[in-house]
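The next block holds one structure in the form of C-alpha cells; read it before the comments.
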Amino acid sequence: MASKSNVTTVGLDGGYLRLCHPDEEKSFEVVAGRAMRVDVGQRSVAFVRTVDPNSHERVRGVLAAFGQHDSSMEVFTDGEIQLRQWQLSTLPRARHILDWYHLRRRVEKLNAVVHGRPTASQLRTADHDWLSGLAGGLKWRLWHGRAQEATRRLAVMLYVLGKSTVCRKPAARQIRKLTLELLGYLRNNSDSLPNYGRRYRAGRRISSAFVESAVNQLIDKRMSKSQQMRWDPRSAHLLLQMRVGVVDGQLREDFARWYPAFPSNDSTLSLSA
C-alpha cells in the first residue's frame, strides 16, 4: 500500500446556483473539486458540466501537475449517481471512496426514526425491538468495513416492515422509505466502502471535508450564500475559471502564458478568495 504522502487525493462535489431565467429551471449544477498531495500542494477545479464539453480534459490537466496515473489516486465524493458516473468516465482507474460524513448522516437519520417515540407507540414491542436491534448495529458495521453485513440487516428490516402487523403503520412506511434509500445507496457504492475505522487509525482520509472548503471558496462565498445572485450557466462557468486561478494563486501565470507581453509585477497584493 502506498504511503499517504504519495497518494494524490481528489475530491469532487456539486453545488447549485440560481438560474437567471425565471421561466426555466430554478437552479443548475456546478461541479467543484480539489486535488492535493503532501509533497506537491493542492490545485482546484470548477466547471458547469452542461456548458463545458472539455470537463474531462480540464480535470486531467489539473491532475497532470501531480505526475501520477489515476490508479495512484483516491477520489472522494458523496456518492451522488451522476457525479460518480462522471468520475468513472474521467478517472476510471482511481479508487473511489464514499465520504463517511454523508454515509453516517443517512444511517443516523434512519436510526432516529426507528428509535423515535412515534415508532415505539405504533408498533408492537417485539417488532420495534427487532427493528431497533437491526438498525442500531448499522453504523458500527459500516465503520468497520462490514458493508455486506449492513446490507443484510437492511434486507431483514424490509422483511420485518412487510409483516401484516407492521406494514400499515405510518412510521413503518417512513422507515421503509429510508431503508430502501440507504440500501440503494450502499449497493450503488458497494465498491467504495473501505474499513473507515482502520483508515482513521492509520491517519488516512475518510471524509471529503476538504472539498467542502473548495466549494465554499469557489462557489458559495461570492456566488451563492452571500450574494444570492442569479446566473447564466456560461457566465458562471467563465467566472469560475477566474476564481480557480485566484484561489490557487495561478492567475498571473495564466495571464503571462496567454499574453507574453503581460507586464511583470513584483509587488504583492492581498486578494480575498
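The values are calculated or read from the model by the stated rules, or taken from the named source; none is laboratory data. Quick caveat: nothing in here was measured; it's all calculated off a predicted structure. Neighbour counts are summed over all protein chains in view; Cβ atoms, including those assigned to glycine, are modelled from backbone coordinates with ideal geometry.
A few remarks follow.
- Of the helices (runs of 4 or more DSSP H) lying entirely inside segment 160-265, those containing at least 1 residues that are hydroxyl-bearing (Ser, Thr, Tyr) and either modelled with pLDDT of 85 or more or farther than 27 Å from His102 by Cα (or both) are 170-188, 196-201, 233-248.
- Exactly one residue out of Lys163, Lys169 is of a type in the set (Lys, Arg) and either crowded, with 17+ Cβ neighbours inside 10 Å or under 19 Å from Arg105 (Cα atoms) (or both): that is Lys169.
- Among the residues of segment 59-88, the ones that are among the small types (Gly, Ala, Ser), in a helix (DSSP H, G or I) and touching a His at 6+ places or on another chain (Cβ under 7 Å) come to 0 in all.
- Which numbered condition Thr179 fails, given (1) closer than 30 Å to Trp140 by Cβ; (2) surrounded by fewer than 18 Cβ atoms within 10 Å (Cβ to Cβ): (2)
- Residues of segment 68-89 include at least one that is on the phi < 0 side of the Ramachandran plot, touching a helix residue (DSSP H, G or I) at 6+ places or on another chain (Cβ under 6 Å), buried (at least 18 other Cβ atoms within 10 Å of the Cβ) and hydroxyl-bearing (Ser, Thr, Tyr).
- Residue identified as surrounded by 12 or more Cβ atoms within 10 Å (Cβ to Cβ), part of a loop (DSSP other than H, G, I, E, B) and not acidic (Asp, Glu) among Arg34, Arg43, Arg93, Arg49: Arg49
- Residue identified as under 20 Å from the mean Cα position of the chain (by Cα) and not acidic (Asp, Glu) among Gly162, Gly133, Gly184: Gly184
- Any hit, segment 50-65, residues being in contact with a helix residue (DSSP H, G or I) (Cβ under 7 Å, 6 or more places away or on another chain) and either modelled with pLDDT of 90 or more or of a type in the set (S, T, N, Q) (or both): yes
- Qualifying residue in segment 4-21 (condition: in a loop (DSSP other than H, G, I, E, B), more than 27 Å from Ser235 (Cβ to Cβ), at pLDDT below 80 and of a type in the set (S, T, N, Q)): no
- Selection of first residues in segment 107-130 that are in the same structural domain as Leu183 (by TED's automatic domain parsing) and small (Gly, Ala, Ser) and of second residues that are in a helix (DSSP H, G or I) and surrounded by 14 or more Cβ atoms within 10 Å (Cβ to Cβ), restricted to Cβ pairs under 7 Å at least 6 apart or on distinct chains, gives the following pairs, ordered by first then second residue: Ala120/His128.
- Residue that is polar (S, T, N, Q) and in contact with a strand residue (DSSP E or B) (Cβ under 7 Å, 6 or more places away or on another chain), where the choices are Gln122, Gln82, Gln87, Gln148: Gln87
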